[in-house]
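Student: Please find one structure pasted underneath; my questions will follow.
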Amino acid sequence: MEFTISLGIGGWILLVGGALVVGVIAQFVGAPRTGYEWLITAVAAGVGALFVSEFVTAWRTFEPVFDGLALVPALVGGLVVGVIADMLTRYSTGGTYSGRSLSA
């Protein structure tokens with residue numbers, strides 16, 4: 001079995017741009033404790049989108065495909081992995097999603 005990534009430059013630009021959008025949106029939700037939480041979320045969303053779009057071959061039949069990037073699987077993979085990474089980062093650093101402290 002051969003693993004290859006068949007994205008063109010347009011697919012890479014869309015993948016990185018979408019991951020950055022997910023990260024920036026996550027930074028503005030609730031009360032994060034670090035200024036770089038968006039970066040962790042964006043990297044995780046990008047890796048998730050790339051993995052699902054390129055390596056889960058059963059999902060490559062979903063249309064549309066833009067420059068080698070399967071859009072629907074990439075969106076689902078990026079959002080799932082990005083949200084999980086954001087939740088782990090947010091709660092491990094003491095941030096909240098409600099803007100209020102979690103102490104009783």
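Student: Helix-derived [θ] at 222 nm for the chain: sum -39500 (n - 2.57) over DSSP H runs of at least 4, divide by residue count, nearest 500?
Tutor: -20000 deg cm²/dmol, from helical runs alone.
Student: Along Cα→Cβ, 7 Å out, is where each label goes; now give me the distance between the ones at residue 16 and residue 93 in nm to one decimal.
Tutor: That separation, rounded to one decimal, is 2.2 nm.
Student: What residues qualify as long-range amide H neighbours of residue 69, i.e. H under 5 Å apart, gap of 5 or more or another chain, H built at 1.01 Å from N?
Tutor: 8
Student: Just flag the chymotrypsin sites (Phe, Trp or Tyr not before Pro) in region 1-32 sitting in loop per DSSP whose Cβ has no more than 10 other Cβ atoms within 10 Å.
Tutor: 3
Student: For residue 96, which sequence-distant residues (separation of 5 or more, or a different chain) have an amide H within less than 5 Å of its own amide H, given hydrogens modelled in the peptide plane?
Tutor: Hits under the 5 Å cutoff: 31.
Student: Can you give the relative contact order of the chain as a percent, counting alpha carbon pairs under 8 Å and 6+ residues apart?
Tutor: Working: 154 pairs, mean separation 35.2, N = 104.
Once divided by the residue count of the chain, the mean separation gives 34 percent.
Student: In which sequence would 86, 67 go, from the one with the fewest C-beta neighbours within 10 Å to the one with the most?
Tutor: Going from least to most buried by this count: 67, 86.
Student: Tell me, 33, 90 in order of fewest to most beta-carbon neighbours within 10 Å?
Tutor: Values: 33 12, 90 23.
The order, fewest Cβ neighbours first, is 33, 90.
Student: A further question follows. Using Cβ contacts closer than 10 Å as the measure, can you line up 41, 96 from fewest to most?
Tutor: In order of increasing Cβ crowding within 10 Å: 96, 41.
Values in this text are rule-based calculations from the coordinates and carry no lab data. Remember, it's a predicted structure, so these values are computed and weren't measured experimentally. Counting neighbours? That spans all protein chains shown, and the Cβs are built from the backbone with ideal geometry, glycine included.
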